[in-house]
Amino acid sequence: MTKKHPRIWTWFIVSLILVVLAACSSGGGNTSSSGGNTSGSGNTSSGNTGDNNSASDGPRYTFRLAETHPAEYPTTLGDRKFAELVNERTNGRITIDVFPSAQLGEERAAIEQVQLGAIEFTRVSTGPMAEFNQDFGVFSLPYIFDDDDHVWRFLLSDAGDALLDSLQGSGFQGLAWYSSGSRSFYSSKPLNSIEDLKGMKIRVQENQVNIALMDALGASATPMPYGEVYSSLQTGVIDAAENNYPSYYSSGHYEVAPYMILDGHQRVPEVLIVSKTVWDKLSKEDQEIIRQSAIDSIAYQREKWAEYEKESETMVRAAGSVITEVTDIKPWQEAVKPVIDQYRDKYADILAAIDAAR
Ligand code: GTR
């Protein structure tokens, strides 16, 4: 009999502790709360500096950023610089964890997740973005830019800003552009001239313009995710693919497709985007910090890009890739003219802005 009372008390105390714990834990960890809760949030990596300026005030967030490329690739370095600036400028209140190597899914799947708000940020190529916002298809048109400086004059113009903002209609906010050089063809078979592409099955980034482009070259377009290209080249599912030197090298494609022809048919920039669902929940101050940090990460990404572009060229040449220069680009430009004709009206305004940036 005497034992019963202590047991009831034990249950009472345990229940009380559980109720108190439950009440405490419901107050933090919500990444979208708008209250000024700066303690007990789910943020894993920040240290609250205890500063009381406006950047430190407000909700704490831990966001994810999906990246296709490996950790040392220049876009990933740009993403990390961006995340670092945001973290510094909010005194650790906003953390953006970068997930490289397509850990969060292949590019198209990552874009879909960002559109839904399941992943907050991603850095992607404007190539696959064309299926989410048609204006982005303009970047897949062949030979519309003279060189990298021309691309950047356009991207940093009002027309470039307008393109970033046009993503709002598709469920994103565009934040900044990153460099991606120019794309050229490579194959497991010798590539000496434009004629060699005829009849080849060529992997392209997933969008409609690329299908028209391969038709114009007498090849057949095989859109597929980037992560499947290596094995598809290896097993002969495709004969060729196309990309810039950094991707050709870092993906290992040069090992299975050692013939490259430097036709430079496209300059398809990279873009850093955030989910509109997430963006709209942020305060104006946080939006401004995030936008400015993205813009401020561009210079670093461009610098790393320039270094890695040279390094990857050296590495693939040293590994024995046979690189053919194109001395006369005119036959290439002539061959792809039907593609420009097909899309001239659709992209009239953007093409005019690209011309104006020459
Ligand atoms: C790269 C780009 C990637 C991806 C890839 C591809 O140049 O950086 O984001 O789009 O091309 O061809 O799929």
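Here, each number is a calculation from the coordinates, and none is a lab measurement. Remember, predicted model here, so these are calculated numbers, not experimental data. Quick reminder, even Gly has a Cβ in these numbers, built from the backbone with ideal geometry, and neighbours come from all protein chains shown.
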Cross-link reach from Lys337 to aspartates and glutamates, straight Cα distance under 12 Å and at least 8 residues apart if same chain, gives Asp215
Nearest 500 deg cm²/dmol is fine: what mean residue ellipticity at 222 nm does the chain get from its DSSP H runs of n ≥ 4 alone, each adding -39,500 (n - 2.57), divided by its residue count?
-13000 deg cm²/dmol
What is the packing order of peptides 79-88, 95-104, taking the mean over residues of other C-beta atoms within 10 Å and listing the highest first?
79-88, 95-104
If contacts are Cα pairs under 8 angstrom and at least 6 residues apart, what is the relative contact order of the range 177-263 in percent?
46 percent
Could you calculate the contour length gain from Glu303 to Ala352, that is, 0.36 nm times the residue separation minus the distance between their Cα atoms, to one decimal place in nm?
14.8 nm
Tally Lys/Arg at +1 and Asp/Glu at -1 over every other residue whose Cβ is under 15 Å from the Cβ of Ala356; what's the total?
-4
If one takes the longest principal axis of the Cα atoms in the chain, at what angle in degrees, from 0 to 90 and to the nearest 10, does the Cα axis of helix 284-296 lie?
40 degrees
Summed over the other residues with a beta carbon less than 14 angstrom from that of Glu206, with K and R at +1 and D and E at -1, the charge totals -4
Among bridges DSSP assigns within the chain, what percent are antiparallel (round to 5)?
50 percent
So for the chain, averaging the separation of alpha carbon pairs under 8 Å that are six or more residues apart and normalising by length, what relative contact order in percent results?
20 percent
Env charge @ Gly227, Cβ radius under 12 Å, K,R +1 / D,E -1, value -1
